[in-house]
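Please read the structure below before turning to the comments.
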Amino acid sequence: MDSKKKAEILKGVILSRYKSIRQFAVVMNIPYSTLITALERGVDGMAYSTVIRICEALSLNPLDFTPLEEGNSLSSQIATRRVMEKYWKLNKNGRKKVLDIMEDYTHIPEYLEEKED
């Protein structure tokens, strides 16, 4: 996807959630001129860290600017993708072994996420 297409997507999502580009810039603490320039010329010239912040705020994947799954943070989805990429490189026996190990670890309290009540 080209930089201008990404900028169009960003602009559309911003305007669907905020009154204006300026309001979003203020909320994100990004200079308005920087944001406008990126939206007009394309996001490739924008600092990667800024693009990540914007995508996180708008729940967009910074790679292809598609919406993130509901309830999943960007870091969670990136971790999931990394795990799945490694998993699919394994053969049938390797995949079974990984799933067996994961099952074993789900029974060890120190490795489980704490549930919020």
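For the listed peptides 47-55, 4-12, a ranking on the average number of other beta carbons within 10 Å per residue, highest first, reads 4-12, 47-55. Taken about its Cα centre, the chain carries a charge dipole of roughly 660 debye when the Cβ of each Lys and Arg holds +1 and the Cβ of each Asp and Glu holds -1.
Counting alpha carbon pairs within less than 8 Å and at least 6 residues apart, what relative contact order, in whole percent, applies to the chain? Could the numbers behind the result be given before it?
Working: 73 pairs, mean separation 21.2, N = 117.
Across the chain, relative contact order equals 18 percent.
A straight chain from Ser76 to Thr34 at 0.36 nm per residue would run longer than the Cα-Cα distance by 12.3 nm. Would you work out which of Ile52, Val83, Leu10 lies farthest towards the positive end of the dipole of the chain? Charges go on Cβ: Lys and Arg +1, Asp and Glu -1. The one lying farthest along the dipole's positive direction is Leu10. Inter-label distance, Glu85 to Glu114: 3.2 nm, where each label sits 7 Å from its Cα along the C-beta direction.
Compared with the dominant Cα axis of the chain, that is its longest principal axis, helix 74-89 is turned about 50°. For the range 3-58, the Cβ-based charge dipole about the Cα centre amounts to some 140 debye (Lys, Arg positive; Asp, Glu negative; other atoms uncharged).
Against the chain, whose longest principal axis is taken from its Cα atoms, helix 48-58 shows a tilt of about 80°.
When percent of Cα pairs over 22 Å apart is computed from the coordinates, the matching label among (1) 53; (2) 49; (3) 30 is (2).
Label separation (Met1 vs Ile21): 1.8 nm, computed from points 7 Å beyond Cα along the C-beta direction.
Coordinate-derived values only; no laboratory data. Remember, predicted model here, so these are calculated numbers, not experimental data. Positions of Cβ are generated from backbone atoms using ideal geometry, with glycine treated the same way; all protein chains shown enter the neighbour counts.
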